Amino acid sequence: MSVDLKIRDVRKEYGAFPALNGVSLDIRQGELVALLGPSGSGKTTLLRAIAGLETLDGGKILFGDVDASSRSVQERNVGFVFQHYALFRHMKVFDNIAFGLRVRDKARRPTESAIKAKVLELLELVQLTGLEKRYPSQLSGGQRQRVALARALAIEPQVLLLDEPFGALDAQVRKDLRRWLRQIHKETGHTTVFVTHDQEEALELADRVAVLHKGDLQQIGTPDEIYDNPATPFVYAFIGESSAIPVTVQSGAAALDGAPLPVSRVAAEDGPARFFVRPEDVTVKELNGSSTVAGTVAALRRTGAYRRADIEVGAQRSRIEALLPSDAPISVGDKVGLVFQRYALFPADSAPATV
Ligand code: ATP
């Protein structure tokens, strides 16, 4: 039976190094949450803490209303899938999937015929019916990860934990498995925590995405919230693409080297700030007085269906990237005017946006 997961002010240090700085996060029953962040942000540490594989230096983790802190890995009954197939090489697919049920103590162990029924049902779910007599070495990477998922599901886990499960597979297989996992999740409804450093994977798969950076939870929200309203410079820089340029805010208006920026909703405090904008939110027009920001086209690139332009603005020639139709009549050296649809201003001294 799947449960709510409540992560309360969880801290973990390795020696003097803080891997988790007090992370709090509620995951609802049946929800699929992606933990997203660059290498070293604490994703795996948090996942292992949920599983009971790490002792906490502070905070607690509740499974439903039960404080799991003093519970063993077995008692927590979590299903775990790792990046590198942790299948037993000497066991056939069938026995790999049955493993978690067979090692249960006698009182909780199902009969062999119940185990068989369960394994066959799971094989069908992960679309591997007929392959139960194969050994892991006789399967593709994607098939192995599907076996690993079936094995994790066999114990009917309270929580399903997936640590970069598709990380070792090539791009196309990864994409297929993402859709497949989404489907399986819909059918089975397990509370699921999925670790990835791939923002596309997180946005596509998850009901909500939790963004971690250096052991801090920067933001949690739906993929739309995270993409459309990044809460911090880090999230802006890490999710999707963006340009960031230095500006100044004074009395509710933003200025670039003294020239007013034609942007509204300036909620930032007076002082130096950084202006963030995504390439798809930059429109390139003819220069038009104060309603556009003056720039010079510094570089043009063709990327697939679009052209991308680097446009230099201000005395410091800061670069803003714009996404243009492939036939946009524009050349390097053109003087242009920029208009911004969506953007954000953050104080210049807020956490660095570097990823
Ligand atoms: P990756 O995507 O590279 O796995 P991650 O976000 O999962 O990164 P963690 O594995 O949680 O990051 O590690 C967080 C930090 O804690 C890293 O700086 C790592 O070096 C450190 N760390 C993790 N495990 C240990 C350990 N057993 N001993 C010492 N430091 C550790």
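The values are calculated or read from the model by the stated rules, or taken from the named source; none is laboratory data. All values derive from a computational prediction rather than experimental measurement. A quick note on method: Cβ atoms are made from the backbone with ideal geometry, for glycine too, and the neighbour counts reach across all protein chains shown. All accessible areas refer to the heavy atoms of the entire protein, side chains included, with ligands and DNA or RNA removed. Shrake-Rupley method; radii C 1.70, N 1.55, O 1.52, S 1.80 Å.
Below, the figures for the structure above:
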item: Any hit, the stretch 68-90, residues being surrounded by 16 or more Cβ atoms within 10 Å (Cβ to Cβ) and more than 30 Å from Ser140 (Cβ to Cβ); result: yes
item: Count - residues of the stretch 281-298 that are in contact (Cβ under 8 Å) with a residue 60 or more places away in the chain and open to solvent by 60 Å² or more (accessible area, probe 1.4 Å); result: 0
item: Filter result for Arg342 (open to solvent by 30 Å² or more (accessible area, probe 1.4 Å), part of a strand (DSSP E or B) and not β-branched (Val, Ile, Thr)); result: no
item: Among the residues listed as Leu125, Leu162, the single one being in contact (Cβ under 8 Å) with a residue 40 or more places away in the chain and within 16 Å of the ligand (Cβ to nearest atom); result: Leu162
item: Of residues in the stretch 97-120 being open to solvent by less than 60 Å² (accessible area, probe 1.4 Å) and not in a helix (DSSP H, G or I), the one farthest from Glu75 (Cα to Cα); result: Pro110
item: Residue within the stretch 316-323 that is more than 29 Å from Val211 (Cα to Cα), without any contact (Cβ under 8 Å) to a residue 60 or more places away in the chain and among the small types (Gly, Ala, Ser) present; result: no
item: Of all residues making up the stretch 247-257, the number that are of a type in the set (Ser, Thr, Tyr) and not in a loop (DSSP other than H, G, I, E, B); result: 1
item: Filter result for Leu261 (in contact with a strand residue (DSSP E or B) (Cβ under 6 Å, 6 or more places away or on another chain), open to solvent by less than 30 Å² (accessible area, probe 1.4 Å) and free of Cβ contacts under 8 Å to residues at least 40 places away in the same chain); result: yes
item: Answer residue from the stretch 1-56, given it is polar (S, T, N, Q) and either within 15 Å of the ligand (Cβ to nearest atom) or part of a loop (DSSP other than H, G, I, E, B) (or both) and is nearest to Ser70 (Cα to Cα) among those; result: Thr55
item: Count - residues of the stretch 135-164 that are part of a helix (DSSP H, G or I) and either open to solvent by 30 Å² or more (accessible area, probe 1.4 Å) or out of contact with any Gly (no Cβ under 9 Å at 6 or more places or on another chain) (or both); result: 13
item: From Phe88, Phe94, Phe80, residue being in a loop (DSSP other than H, G, I, E, B) and not β-branched (Val, Ile, Thr); result: Phe88
item: Matching residues in the stretch 221-238 - criterion: being over 14 Å from Tyr343 (Cα atoms) and in contact with a helix residue (DSSP H, G or I) (Cβ under 8 Å, 6 or more places away or on another chain); result: Pro223, Phe238
item: Any hit, the stretch 170-180, residues being in a helix (DSSP H, G or I), open to solvent by less than 60 Å² (accessible area, probe 1.4 Å) and farther than 16 Å from Leu32 by Cβ; result: yes
item: Strands (runs of 3 or more DSSP E) within the stretch 258-304 that include 1 or more residues of a type in the set (Asp, Glu); result: none
